[in-house]
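The values are calculated or read from the model by the stated rules, or taken from the named source; none is laboratory data. Since the model is a prediction, treat every value here as computed from it, not as a measurement. All Cβ positions, even for glycine, are placed from backbone atoms using ideal geometry, and neighbour counts span all protein chains on display.
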Amino acid sequence: MTDLLEGEYQPSPADWVRNQVELYESTAGKEGWYLQDRKDWPIVVITSQGAKSGKLRKNPVMRVEHDGAYLAVASKGGAPEHPVWYHNFLANPVVQLQDGPEPALYRARVIEDQTEYDEWWQRATEVYEPYVEYKPRAEATGRTIPLFLLERI
C-alpha cells in the first residue's frame with residue numbers, strides 16, 4: 001500500500017459529514033458509500049491537510065471517476081464562497097482518496113483548461129444532477145465552481 005497522509009485528524013463539526021466518514025471508513029466502504037440514502041449518488045472520502053491548522057480533514061465527495069482519475073467539485077451547493085476543503089487542496093495538493101477498502105494518495109490540481117473543465121463538468125452532472133442547479137447559483141454571485149482533478153501518485 002502507498003504511504004498515506006499522517007497527522008492529527010480533526011473530525012468535521014458537521015454531524016452528517018462526521019457520521020458519513022465514520023460509517024464509510026469503519027466498513028471499508030461497504031456502507032455509507034452513497035449520499036443521503038440515494039444509492040445512485042455514490043461518494044468517496046477525501047482526506048486533506050488543513051491549510052491553516054495542518055490537521056487532517058475528511059470529507060465525503062461525490063464519486064466522479066474516469067480512467068482512474070477522480071474529480072472533486074468545489075460546489076458548496078452554489079454558495080458564494082468555496083468549501084473549506086478548496087483552500088486545503090490549494091495549500092496542500094497531496095490528498096488521500098478512499099474509494100472502497102483501500103485509500104491511496106492523489107495529487108489535486110485545479111482544472112483551468114475550458115475543454116477539460118467542460119468534459120469533467122459533464123461527467124459530474126451525470127453522476128450528481130443537482131450540480132446543474134448549483135452552477136447558476138454560484139455564477140449569480142460571481143463565482144465559478146472550481147473543479148479539482150485528482151490523479152494517483
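Annotations for the structure displayed:
- Of all residues in region 71-99, those being farther than 18 Å from residue 152 by Cα and not hydrophobic (A, V, I, L, M, F, W, C) number 10.
- Whichever residue in region 46-92 is hydroxyl-bearing (Ser, Thr, Tyr) and not in a helix (DSSP H, G or I) and, among such residues, is farthest from residue 135 (Cα to Cα): 53
- Qualifying residue in region 6-13 (condition: in contact (Cβ under 8 Å) with a residue 40 or more places away in the chain, touching a Lys or Arg at 6+ places or on another chain (Cβ under 9 Å) and exposed (fewer than 11 other Cβ atoms within 10 Å of the Cβ)): yes
- Single residue of region 98-150 satisfying the filter (touching a strand residue (DSSP E or B) at 6+ places or on another chain (Cβ under 7 Å) and assigned to a helix (DSSP H, G or I)) that is nearest to residue 80 (Cα to Cα): 131
- Where residue 84 falls short, out of the listed (1) among the hydrophobic types (A, V, I, L, M, F, W, C); (2) closer than 27 Å to residue 18 by Cβ; (3) modelled with pLDDT of 95 or more: (3)
- Residue among 152, 57, 123 that is charged (D, E, K, R), over 27 Å from residue 15 (Cα atoms) and in contact with a Phe, Trp or Tyr (Cβ under 9 Å, 6 or more places away or on another chain): 152
- Filter result for residue 81 (over 11 Å from residue 59 (Cβ atoms), out of contact with any Phe, Trp or Tyr (no Cβ under 7 Å at 6 or more places or on another chain), touching a residue at least 60 places away in the same chain (Cβ under 8 Å) and of a type in the set (D, E, K, R)): yes
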